[in-house]
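Data block below; observations after.
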Amino acid sequence: MDTVLAFENTLTAQDLALLRKAGEATHAAGIRMYLVGGSVRDALLGRQVLDLDLVTEAPAEEVARILTQPLNAQVRARSQFGTLKLHAEGRTLDLATSRTERYARPGALPSVQPGPIEADLWRRDFSVNAMAVALWPDNFGTLLDPTGGQGDVQRGVIRALHSESFQDDATRILRAVRYATRLDFRIERRTLGWLKRDLRYLDAISPPRLRRELERLFEEVDAPGCLRLAHRLGVLSAVHPALGHPGLRKAIQAARRMAPATQGLLVLLTYGCAATEIDSLSDRLGLTNEQRKVVKDTQSVKALEPHLTYPRLLPHEFADAVNGMAPEAVLTASLLASDRFAQSRLLRFVDSWSRVVPALTGRDLERLGVPPGPLMGTLLDELRDARIDSRIRSKQAEIKYVKRWLRQVQ
Ligand code: CTP
């Protein structure tokens, strides 16, 4: 018996109406349209369907032309694989022609050829992502499931479709980790064997692709959970040996406490790395300049740590040393620093010292008789330092300080 999805509570009424219209319009032109991939998986799980990924066996350009009038649709973007982004009724639809893929070598982008819908489903990463739903009038909602994805959704299993899947595209290793964590599924035994066997194929993935895939992992609601699984499976150290450092478990636990965004997670992962490995790691991950700075600053904060605990280092001296560093680096170092005193100082810096400014402005100083020029900047710095050290606590005290300073220099 065919499974028919009603999309109750998983599609908004507008999206449902849009899909029906798209299915009808293409059907009238003799074309069968399907909803595919993660959207079908999420619908089966009773989760809200966010992306509308559509596939037909006809060329996507032709389908776009057919949809232009009934959906008032416009093409917004075209990809190298012939997929289109359509804008229709305030919504983006991803439109693709069903295809087969061939990987010339591991990690290479595949060469694609049009192919039947079943072949398109078989070329995909996991059975749970390899289902389609018919959208034409007589069959609307009927599930097409050649690989047994529905059973795997019910059993809560991530299963690759053939033994070379991770060799063809090792980003699927990171995808398996993401889906297993997000859906709370287990990675099927054979798939797990292939995944572990093929970890070295991660080397074949280019830095930009690796970064994109890691960023997707960092964006997951349970990113720390993804990292914990990736660490357990040896995925992180396969990405780069520097990510095999002994502090990683503690760092991932800290991530659970702070729910950080991408930069914060990068800091957590790299805090325990050897400073000498940071450049090679940043190259491997294809980090952006901003991400590189955060990772570098993390090492600088870590290197400062022993000095932070030196009892005579005044708060403002400490603040000067940390000033200009990426806030994520300082905040995260405060979580991982081994010394409690250093930890509390780093936190104080983030929470208050980095924000301290004197109550008096340059204009106030002029009124008090300070001549404009570089000395004024020095005086403002002194006031800020005195505030950080709590030697000055009020505007009145600042004025007194300035007057005394003037007496000394005049
Ligand atoms: N896909 C694949 N192999 C990849 C990437 C993608 O087979 N390396 C297929 C999967 O069938 C996937 C679909 O392309 O379902 C779309 O990919 P993507 O948008 O990355 O994933 P979604 O399934 O939409 O999942 P998510 O919920 O993470 O967006």
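The values are calculated or read from the model by the stated rules, or taken from the named source; none is laboratory data. Remember, predicted model here, so these are calculated numbers, not experimental data. Cβ atoms come from the backbone with ideal geometry, glycine included; neighbour counts cover every protein chain shown. For accessibility, only protein heavy atoms count, side chains too; no ligands or nucleic acids. Shrake-Rupley method; radii C 1.70, N 1.55, O 1.52, S 1.80 Å.
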When you go through 342, 326, 333 one by one, which is the residue that is surrounded by 20 or more Cβ atoms within 10 Å (Cβ to Cβ), outside the structural domain of residue 253 (by TED's automatic domain parsing) and more than 21 Å from residue 290 (Cβ to Cβ)?
342
Can you name every residue in the range 177-209 that is more than 11 Å from the ligand (Cβ to nearest atom) and of a type in the set (Phe, Trp, Tyr)?
185, 194, 201
Mind checking which residues of the range 24-43 are surrounded by 20 or more Cβ atoms within 10 Å (Cβ to Cβ) and either of a type in the set (Lys, Arg) or within 16 Å of the ligand (Cβ to nearest atom) (or both)?
34, 35, 36, 37, 39, 40, 41, 43
In the list 225, 272, which residue meets the criterion of being small (Gly, Ala, Ser) and over 16 Å from the mean Cα position of the chain (by Cα)?
272
Go through (1) without any contact (Cβ under 8 Å) to a residue 24 or more places away in the chain; (2) closer than 25 Å to residue 200 by Cα; (3) of a type outside the set (Asp, Glu) for residue 304 and report which single condition fails.
(2)
Out of the residues in the range 275-316 that are small (Gly, Ala, Ser) and over 18 Å from the mean Cα position of the chain (by Cα), which is modelled with the highest pLDDT?
280
Taking the condition in the same structural domain as residue 162 (by TED's automatic domain parsing), within 13 Å of the ligand (Cβ to nearest atom) and free of Cβ contacts under 8 Å to residues at least 24 places away in the same chain, does residue 212 pass?
yes
Looking only at the range 160-176, count how many residues are under 12 Å from residue 126 (Cα atoms) and either more than 14 Å from the ligand (Cβ to nearest atom) or open to solvent by less than 10 Å² (accessible area, probe 1.4 Å) (or both).
6
Among the candidates 256, 363, 355, which residue alone is touching a Pro at 6+ places or on another chain (Cβ under 8 Å) and surrounded by fewer than 19 Cβ atoms within 10 Å (Cβ to Cβ)?
256
Take residue 220 and tell me if it is assigned to a helix (DSSP H, G or I), within 13 Å of the ligand (Cβ to nearest atom) and out of contact with any strand residue (DSSP E or B) (no Cβ under 7 Å at 6 or more places or on another chain).
no
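Okay, residues lined up against (1) free of Cβ contacts under 8 Å to residues at least 12 places away in the same chain; (2) within 15 Å of the ligand (Cβ to nearest atom); (3) open to solvent by 40 Å² or more (accessible area, probe 1.4 Å):
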position: 96; (1), (2), (3): no, yes, no
position: 102; (1), (2), (3): yes, yes, yes
position: 116; (1), (2), (3): no, no, yes
position: 125; (1), (2), (3): no, yes, no
position: 131; (1), (2), (3): no, yes, no
position: 145; (1), (2), (3): no, yes, yes
position: 149; (1), (2), (3): no, yes, no
position: 153; (1), (2), (3): no, yes, no
position: 158; (1), (2), (3): no, yes, no
So for the range 324-336 (the condition being at pLDDT 85 or above, acidic (Asp, Glu) and assigned to a helix (DSSP H, G or I)), does at least one residue qualify?
no
